[in-house]
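The values are calculated or read from the model by the stated rules, or taken from the named source; none is laboratory data. As the structure is a computational prediction, the values presented were derived from the model and not from experiment. Cβ: placed from backbone, ideal geometry, glycine included. Neighbour counts: every protein chain shown.
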């Protein structure tokens with residue numbers, strides 16, 4: 001299947017690579033299917049299958065924030081059929097700034113991707129520790145400047 005993407009033009013994708021966000025993403029509730037496209041050494045593009053203009057730069061928070069942790073609520077574990085923590089990929093959205101040293105990550109709303117069944121959700125944490133804008137520290141990642 002071919003889709004139009006925001007950053008890479010027309011791309012051929014496999015349907016089994018699509019992540020399903022049954023509830024959409026806050027602010028984009030009608031966008032329910034996304035793919036992940038590599039974007040450099042530490043980043044991905046979370047691209048909507050339906051709308052080419054809807055694409056988010058995302059990264060693993062653990063590249064930049066070694067102590068990042070949170071608990072996935074039991075109702076989310078049940079609803080998304082999470083059987084093993086090894087099946088979960090955690091990503092966060094990145095707001096890229098110029099210069100890159102001013103770029104931030106949203107640690108308050110991680111994306112939870114179940115690799116076993118490709119169900120996904122953006123989880124809004126009820127935590128005072130994490131905010132929507134944490135400065136990235138590019139020294140932690142090889143090849144990121």
Q. Does any residue of the range 32-43 turn out to be surrounded by fewer than 17 Cβ atoms within 10 Å (Cβ to Cβ), on the phi < 0 side of the Ramachandran plot, part of a loop (DSSP other than H, G, I, E, B) and touching a residue at least 12 places away in the same chain (Cβ under 8 Å)?
A. yes
Q) Can you spot a residue in the range 67-84 that is closer than 23 Å to residue 41 by Cβ and in contact with a strand residue (DSSP E or B) (Cβ under 7 Å, 6 or more places away or on another chain)? A) no
Q: Kindly establish whether residue 72 is surrounded by 15 or more Cβ atoms within 10 Å (Cβ to Cβ), touching a residue at least 12 places away in the same chain (Cβ under 8 Å) and either at positive phi or in a strand (DSSP E or B) (or both).
A: no
Q.
in contact with a helix residue (DSSP H, G or I) (Cβ under 9 Å, 6 or more places away or on another chain), in contact (Cβ under 8 Å) with a residue 40 or more places away in the chain and either more than 13 Å from residue 120 (Cβ to Cβ) or crowded, with 16+ Cβ neighbours inside 10 Å (or both): is that true of residue 55 in this structure?
A. no
Q: Report the residue count in the range 7-24 for those that are closer than 24 Å to residue 108 by Cβ and either modelled with pLDDT under 95 or assigned to a loop (DSSP other than H, G, I, E, B) (or both).
A: 4
Q. Any idea which of (1) touching a strand residue (DSSP E or B) at 6+ places or on another chain (Cβ under 7 Å); (2) surrounded by 14 or more Cβ atoms within 10 Å (Cβ to Cβ); (3) on the phi < 0 side of the Ramachandran plot is the one residue 118 doesn't satisfy?
A. (3)
Q: Could you tell me which numbered condition residue 103 fails, if it satisfies all but one of (1) without any contact (Cβ under 8 Å) to a residue 12 or more places away in the chain; (2) surrounded by 14 or more Cβ atoms within 10 Å (Cβ to Cβ); (3) in contact with a strand residue (DSSP E or B) (Cβ under 8 Å, 6 or more places away or on another chain)?
A: (1)
